[in-house]
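Participant: Okay, here's the structure, questions in a sec.
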Amino acid sequence: MLDAVFAQAAGAVPDAPSALDQMIHMGSLLAVTVGIVYFMIIRPQQKKQKETDAMRSSIKKGDRVLTTGGLYGTVVGEKEGIVVLKVADDVKMEFSREAIIQVKERSG
């Protein structure tokens, strides 16, 4: 009688997932996680970097810009990778193009 109870209980328990099933499940969870990270973090950052690069490459004479140091100036000259800003009367400073974070006003 006791053997019948154990046999019935053993038959009612579903089989445990195999190692292959577990690996497929873990792999799919990893793929979903990587996809979420890509679309939520990496892709927006790449888009923002492209916009920033386009803004920096479009800087021209007469634009009023803001530097990473918080300095406002007007572009009076450009060299390869360098922007010359007029920050006050008779005061011109050279900055790396990478130091420009925002164009405040475009020249007409």
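Participant: For a quick check of your reading: which strands (runs of 3 or more DSSP E) sit entirely within segment 55-100 and have at least 1 residues that are in contact (Cβ under 8 Å) with a residue 60 or more places away in the chain and in contact with an Asp or Glu (Cβ under 8 Å, 6 or more places away or on another chain)? Let's see the steps before the verdict.
Facilitator: On the way: elements: 64-67, 72-79, 82-88, 91-96.
Strands (runs of 3 or more DSSP E) meeting the threshold: none at all.
Let's see how each residue does on (1) surrounded by fewer than 10 Cβ atoms within 10 Å (Cβ to Cβ); (2) at pLDDT 95 or above; (3) over 18 Å from the mean Cα position of the chain (by Cα):
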{"residue": "Leu20", "(1), (2), (3)": "yes, no, yes"}
{"residue": "Ser28", "(1), (2), (3)": "no, yes, yes"}
{"residue": "Ile36", "(1), (2), (3)": "no, yes, no"}
{"residue": "Ser58", "(1), (2), (3)": "no, no, yes"}
{"residue": "Gly62", "(1), (2), (3)": "no, no, yes"}
{"residue": "Leu85", "(1), (2), (3)": "no, yes, yes"}
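The values are calculated or read from the model by the stated rules, or taken from the named source; none is laboratory data. Keep in mind it's a predicted model, so treat the numbers as computed, not measured. With ideal geometry, Cβ positions are generated from the backbone for all residues, glycine too; neighbour counts draw on all protein chains shown.
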